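Below is one structure; the comments refer to it alone.
Read-outs: derived from the displayed coordinates by stated rules, not from any lab. Just so we're clear, the structure is a prediction, and the values are computed from it rather than from any experiment. Every residue, glycine among them, receives a Cβ derived from its backbone with ideal geometry; neighbour counts consider all protein chains shown.
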């Protein structure tokens, strides 16, 4: 009887184990489309053997639970790649917005026989138009209409300098606001991760925490898309997370919020101890890193070049005009209003001259019909007056630099996104639910359950026969 009871126990355990395993498969299938869910695999453990006179006898198996199929090393690689891809993506998007500021406008005209297009607008065209207006004035230096055309083209150029500078500043302000929003999201996620750490360490310090770990990993992946991070596994299945530069964000059940503040009109980001992390975060990865790189490096580079162009161009034009005589024989005055240095020149340049007669076309003492000084002004177009380059060449180089930034960011982003996709595929092949695999597991466990059920029925009949010993008992298989 003892042996029959052991057989009953082993068979009952097998039924329970198979039923639990079927529940794991069912749960996988139910969560096949759940974002962040990690496939679980049923695990079995041999029960402790029973000691009899004959020796040790096996006591069957127990399904110890579903174990999530995750690879911590692969997941951390994915986090690192995610933050790199997010950084290049956000930088590229911001640079595209910067490039739009300097995009020229193409217009099309057509008649009954053909269609043609021309490119208009932009600071480069404005400078060309200014010099063209000066050249036209050479034909009739005393013409008020032609003189007014020079001032109008100068005003258009100054306005476009101001507009470009204003839009660059607006881009920086927009990035400032977006940075504050990202910091708020970071703090929300680090708080959630710390809370999940507490739950995991409390409920599953030495084993898989299932959906709690899924939630934590999902939050960490979101965090890595926002900011560059490093993570370290701690005791009891916990985690510590720092920024790429080492500032503490999460330590097991505690989170450490970042703060923001304005310094010199620009948003800076500080850790929980008040240390300025802005420079480190700009090179640390994540969406925040890409945006800060554009705000603090790319836009200032373009803004400085634009200021240099506005200042050097305006200064040279003023110098030449001040060297000649106007229509009335008076000494020429400045055409453009400029600051005392190139800093901020593009945002403040304006046309100081309101009277077209003040344009000093003549050389000093040569009379109003002379155009010698005007010719000197026209020749500035081909002189290296802007940091060793002609005005148009300098502007073209600036636009080329911006184009190179965008091109490099595009190439880098494509490469990073490709690597991210490869890692996501690797993680998915391990952790995502494959319905074909689940169908195979379902069939295996169903067959095992049916076999155990059959054995249980057989044992039930044998037990019945034993209890009715000496009495003929019918048995059907």
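Were the residues from residue 99 through residue 135 laid out at 0.36 nm apart, the gain over their Cα-Cα distance would be 9.8 nm. A simple spin-label model places pseudo-atoms 7 Å from Cα toward Cβ; at residue 352 and residue 457 they are separated by 10.6 nm. Spacing of the modelled spin labels on residue 418 and residue 375, each 7 Å from Cα toward Cβ, amounts to 5.9 nm. If you take all C-alpha pairs in the chain, what percent of them are over 38 Å apart? For the chain, the share of Cα pairs beyond 38 Å comes to 54 percent. Report, to the nearest 10°, how far helix 123-138 tilts away from the longest principal axis of the Cα atoms in the chain, using its own Cα long axis and a range of 0 to 90°. So the inclination is approximately 10 degrees.
Fully extending the segment from residue 170 to residue 337 would add 57.8 nm, taking 0.36 nm per residue of separation and subtracting the current Cα-Cα distance.
The helix-based estimate of mean residue ellipticity at 222 nm for the chain, built from -39,500 (n - 2.57) per DSSP H run of four or more residues and divided by its residue count, is -20000 deg cm²/dmol to the nearest 500.
Taken as Cα centroids, the stretch 240-257 and the stretch 296-370 sit 54 Å apart, rounded to the nearest whole angstrom. Taking the inverse of the mean 1/r over every pair of distinct Cα atoms in the stretch 249-388 gives a Kirkwood hydrodynamic radius of 18.8 Å.
Ellipsoid fit via the Cα gyration tensor, the stretch 166-321: semi-axes of 44, 12, 11 Å, each the root of five times an eigenvalue, largest first. Relative to the 2.2 N^0.38 Å rule of thumb, the stretch 341-380 has a C-alpha radius of gyration ratio of 1.53. Working from Cα pairs under 8 Å separated by at least six residues, relative contact order for the stretch 260-303 is 19 percent. Structural descriptor for the chain: relative contact order 20 percent, calculated from alpha carbon pairs under 8 angstrom and at least 6 residues apart.
Temperature 20 °C, viscosity 1.002 mPa s: under these conditions the Stokes-Einstein estimate for the stretch 333-469, based on its Kirkwood radius over C-alpha pairs, is 87 µm² per second. Average projection, convex hull of the Cα set of the stretch 135-176: 3.0 square nanometres.
Can you compute the equivalent ellipsoid semi-axes for the stretch 276-349, i.e. the square root of 5 times each eigenvalue of the Cα gyration tensor, sorted largest first and rounded to whole Å?
Details: eigenvalues 352, 14, 10 Å².
They are 42, 8, 7 Å, listed largest first.
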